[in-house]
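Reading through the structure tokens given below for one structure.
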Amino acid sequence: MAKLIICDPVAADAVEAMRALGVDVDVRDDITLDELAEVIGEYDGMVVRSRTKVRAPLIDKATKLKVIIRGGVGLDSIDVAHAEEKGIAVCNTPAASTNAVAELALGMMFALARHLARADATMKAGEWAKKALKGTELAGKTLGVIGYGRIGKALGEKAKVLGMTVVAYDPYCTHEDIVSMDELLKQSDYISLHLPHTDETHHLLSTAQFAQMKPGAYLVDAARGGVVDEAALYVALTEGTLAGAARDVYSQEPPTDEALRKLVELPQVVALPHIGAGTVEAQNRIGEEIIKLVKEHLA
């Protein structure tokens, strides 16, 4: 019987469905990397989310491993090339959380446009800041989407329904909405990021790019930490180059570094704790996709 270790939370009914396939499933969703390194050699498969990082030293200890399943979109938390060199398949569930992340990005745009977080905070503090919280409407504005894959296109479709103009930058995509990066930066009132963090995309947005953006533009980041140069973003926000930013991802998670805390605590920043795929529906779809992958590789 194949053995599978689940290293991060997965829906309970999905776990039972995997067991019904005849797989010996161990749920260790609070396991540390040190503990995982001690036991990984016992398993034929592993399921991870964003918490568990699967790097080369851990892979080298996984002498029986046939498959690593990432419940979610990005694979930047896994040394994919090293795993494949060892004959280990690496899979993910890219479509399962598409709508959840696209909806969150749209919600972040509304939060910026109407100062929702600040309005709520002032009400809870006993203030009535009605006159100080005049917002703007999304209709008639231009949304620039950087990374026009599943999530980026889903967000673009939703934005168009609201009356927004959508432009996109993606060097690997052909679509009528595609423009150059320079044009996107110059045209967009809102810029939303939907791409992985790689050597190519590291600090894709930094001082030079912020300087090209429209005065008063907003940045939405529900992609991956590291795509945005956070030190440059702090300067752009405090100097008024950008009107605000909404972020669900950070170069350090949780963001305990002093400089990151200063960024998170700015009043013009809406900060979320990486909840992009955190809906009941998305988690159920992720569970369903994981079951299919376990059946394909282990059952």
Among (1) touching a Leu at 6+ places or on another chain (Cβ under 9 Å); (2) without any contact (Cβ under 8 Å) to a residue 12 or more places away in the chain, there is one condition L36 misses while meeting the rest; what is its number? (2)
For the stretch 5-31, give me each residue that is at pLDDT 95 or above and closer than 14 Å to T52 by Cβ. I5, I6, C7, D26, V27, R28, I31
Counting only residues that are of a type in the set (D, E, K, R) and over 27 Å from the mean Cα position of the chain (by Cα), the stretch 27-67 contains a total of 6
Among the residues of the stretch 111-138, what is the count of those that are farther than 30 Å from K158 by Cα and of a type in the set (G, A, S)? 3
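Could you please give the count of residues in the stretch 100-142 that are in contact with a Gly (Cβ under 7 Å, 6 or more places away or on another chain) and either surrounded by fewer than 12 Cβ atoms within 10 Å (Cβ to Cβ) or not charged (D, E, K, R) (or both)?
If we filter the stretch 100-142 for residues that are in contact with a Gly (Cβ under 7 Å, 6 or more places away or on another chain), which is where we start, we get 100-101, 104, 112-115, 139-140.
Then keep just the ones that are either surrounded by fewer than 12 Cβ atoms within 10 Å (Cβ to Cβ) or not charged (D, E, K, R) (or both); that gives 100-101, 104, 112-113, 115, 139-140.
Of the residues in the stretch 100-142, 8 are in contact with a Gly (Cβ under 7 Å, 6 or more places away or on another chain) and either surrounded by fewer than 12 Cβ atoms within 10 Å (Cβ to Cβ) or not charged (D, E, K, R) (or both).
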Pull out all pairs, ordered by first then second residue, where Cβ-Cβ is under 8 Å, the residues are six or more apart or on different chains, the first lies in the stretch 148-162 and is farther than 15 Å from L193 by Cα and in contact (Cβ under 8 Å) with a residue 24 or more places away in the chain, and the second is part of a loop (DSSP other than H, G, I, E, B) and not acidic (D, E). L162/L138; L162/A139
Which numbered condition R114 misses (of (1) at pLDDT 95 or above; (2) within 22 Å of the chain's Cα centre (by Cα)): (2)
Can you name the number of the only condition in (1) assigned by TED's automatic domain parsing to the domain that holds S50; (2) surrounded by fewer than 20 Cβ atoms within 10 Å (Cβ to Cβ); (3) of a type outside the set (K, R); (4) touching an Asp or Glu at 6+ places or on another chain (Cβ under 9 Å) that G287 fails? (2)
Inside the stretch 117-136, can you point out the residues that are in contact (Cβ under 8 Å) with a residue 12 or more places away in the chain, hydrophobic (A, V, I, L, M, F, W, C) and closer than 19 Å to L272 by Cα? A117, A119
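Any idea which of I69, I78 is among the hydrophobic types (A, V, I, L, M, F, W, C), in contact with a Cys (Cβ under 6 Å, 6 or more places away or on another chain) and not assigned by TED's automatic domain parsing to the domain that holds T198?
On the way: I78 fails: in contact with a Cys (Cβ under 6 Å, 6 or more places away or on another chain).
One residue alone meets the criteria, I69.
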Collect the residues in the stretch 262-299 that are closer than 20 Å to R118 by Cα and over 19 Å from the mean Cα position of the chain (by Cα), keeping them in residue-number order. K262, E265, L266, P267, Q268
Of the candidates K186, K134, the one satisfying the condition of being within 18 Å of R114 (Cβ to Cβ), more than 24 Å from the chain's Cα centre (by Cα) and of a type in the set (K, R) is K134
Those residues of the stretch 77-116 which are among the basic types (K, R) and touching a residue at least 40 places away in the same chain (Cβ under 8 Å) amount to none
Among the residues of the stretch 202-227, which ones are more than 18 Å from T142 (Cα to Cα) and in contact with a Phe, Trp or Tyr (Cβ under 8 Å, 6 or more places away or on another chain)? G225
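The values are calculated or read from the model by the stated rules, or taken from the named source; none is laboratory data. Being a predicted model, the structure only gives us computed values, none of them experimental. Virtual Cβ from ideal backbone geometry, glycine too; neighbours counted across all protein chains shown.
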